[in-house]
Amino acid sequence: MSKYNFCAGPAMLPPAVMAKAQKEFVDWQNLGVSVMEISHRSRDFLALTEKCEASLRRLMNISDEFEILFMHGGGRGQFSAVPLNLHQAGKTAVYCENGVWSTGATTEAEKFTNVAAINVRNDSDELFSIKPVSEWQLPSDASYIHYCPNETIDGIEIFDVPSHPTAPIVADMSSTILSREIDVNQFDVIYAGAQKNIGPSGLAIVIIRKTLLEREGLAKPGIMDYALEARQGSMYNTPPTFAWYLAAEVFDWLEQSGGIKAMEEKNIAKAELLYEFIDNSPFYNNKVAKHCRSRMNVPFWLNDDSLNEAFLASARQAGLLALEGHRIVGGMRASIYNAMPLAGVQALVDFMAQFAKEHS
Ligand SMILES: *Cc1c(COP(=O)(O)O)cnc(C)c1O
């Protein structure tokens, strides 16, 4: 029986990448040792990092105006690094709040800098819904604007990009990076914890406009210093080398699979299949307005909550893993990142239909 892992993060990685990594585990490139056991400053590892960066630049069409950093500390590490690096004396950082993660970013930033949080939800809508970015009440002056294009827990995605005449736009793309085409030039900082669409947890990727590296910000730990990491090629200290290696393998796999456009088409097909089934079922529901439903994280509820345990137990038996919703929102959640094949979503829909039939 095929098993499908719907975990929100750390999430499944492409099976082809995992098989290759297994093959190379103890002997990488005929060196007789693992990629984990060589110096990060060795010629072989530096070649890997160069290849990795070039591949990401091609995939996301990232120009020379941006630096790419490979950092420690995952998504939340960046919740701290962003204010530490982008703070400006006398200015306020604007945090757009549209769900659990964007709100968490606000709380962390408040430790370091002056923050104005603005609610971009449409509270008049019965469903979870986000106001069009053109209606966000952004102040005329700010040190930067932070938002989260995909709220992993709430299952909300914002497809338009906010803009501002002077303040840089900072986006937490942890759970949507590489899932659809974006124009990187509309952003000033994009960051992502790796464990959803890139590789193992712990690694964070930061794509930052080079002009922003001149900002002094606040006193900060060296390993969170963007300018220092840029000067040091992300090797101020020993980077998470195995995670970096796997990220390079995932980027390779993405390029071989036709790149981001092809991946986006698959992701749309996967999401449509699941949402359409939920919308047409009297047994399940989703609480997010259609225009801002996440293509990566699909929360859903059984109309009869008392069947939750039975649902999860039968799903596990059917090889459908990690469908339990986040503890904050309850219900179920199917995370269907790049690595999840359409067949996995089809298996889930088939199971959900069967379960509904047996329990109606
Ligand atoms: C998972 C996630 C994070 C947190 O990542 P960690 O690596 O656990 O710190 C932050 N933001 C978003 C949108 C996420 O999905």
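Whether any residue in the range 105-116 is under 18 Å from the mean Cα position of the chain (by Cα) and on the phi < 0 side of the Ramachandran plot is what I want to check.
yes
Are any of the residues in the range 196-214 part of a helix (DSSP H, G or I), modelled with pLDDT of 95 or more and under 30 Å from Glu135 (Cβ atoms)?
Yes, some residue in the range 196-214 is part of a helix (DSSP H, G or I), modelled with pLDDT of 95 or more and under 30 Å from Glu135 (Cβ atoms).
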Hey, does the range 131-138 have a residue that's buried (at least 17 other Cβ atoms within 10 Å of the Cβ), within 20 Å of Val298 (Cα to Cα) and in contact (Cβ under 8 Å) with a residue 24 or more places away in the chain?
-> no
Give the residue that is nearest to the ligand (Cβ to nearest atom), with candidates limited to residues of the range 184-200 that are more than 17 Å from Phe251 (Cβ to Cβ) and touching a residue at least 60 places away in the same chain (Cβ under 8 Å).
-> Val189
Go through the residues of the range 293-308 one by one and say whether even a single one is within 30 Å of Gly222 (Cα to Cα), part of a helix (DSSP H, G or I) and in contact with a strand residue (DSSP E or B) (Cβ under 8 Å, 6 or more places away or on another chain).
-> no
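What helices (runs of 4 or more DSSP H) completely inside the range 29-130 contain at least 3 residues that are surrounded by 14 or more Cβ atoms within 10 Å (Cβ to Cβ), within 16 Å of the ligand (Cβ to nearest atom) and in contact (Cβ under 8 Å) with a residue 40 or more places away in the chain? Reasoning before the result, please.
Details: elements: 43-60, 74-86, 100-109.
Helices (runs of 4 or more DSSP H) meeting the threshold: 74-86, 100-109.
Residues of the range 149-160 being in contact with a helix residue (DSSP H, G or I) (Cβ under 7 Å, 6 or more places away or on another chain) and within 16 Å of the ligand (Cβ to nearest atom), which ones? Steps first, please.
Taking the range 149-160 as the starting set, the residues that turn out to be in contact with a helix residue (DSSP H, G or I) (Cβ under 7 Å, 6 or more places away or on another chain) are 151-154, 156-158, 160.
Glu151, Thr152, Ile153, Asp154, Ile156, Glu157, Ile158, listed by residue number.
So that you can scan it fast, the table gives a plain yes or no per residue for (1) within 25 Å of Leu178 (Cβ to Cβ); (2) surrounded by fewer than 22 Cβ atoms within 10 Å (Cβ to Cβ):
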position: Ala271; (1), (2): yes, yes
position: Ser281; (1), (2): no, yes
position: Pro299; (1), (2): yes, no
position: Asn308; (1), (2): no, yes
position: Leu312; (1), (2): no, yes
position: Gly319; (1), (2): no, yes
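The values are calculated or read from the model by the stated rules, or taken from the named source; none is laboratory data. Owing to the predicted nature of the structure, the values given are computational and were not obtained by experimental measurement. Here Cβ is always computed from backbone atoms with ideal geometry, including for glycine, and neighbour counts include all displayed protein chains.
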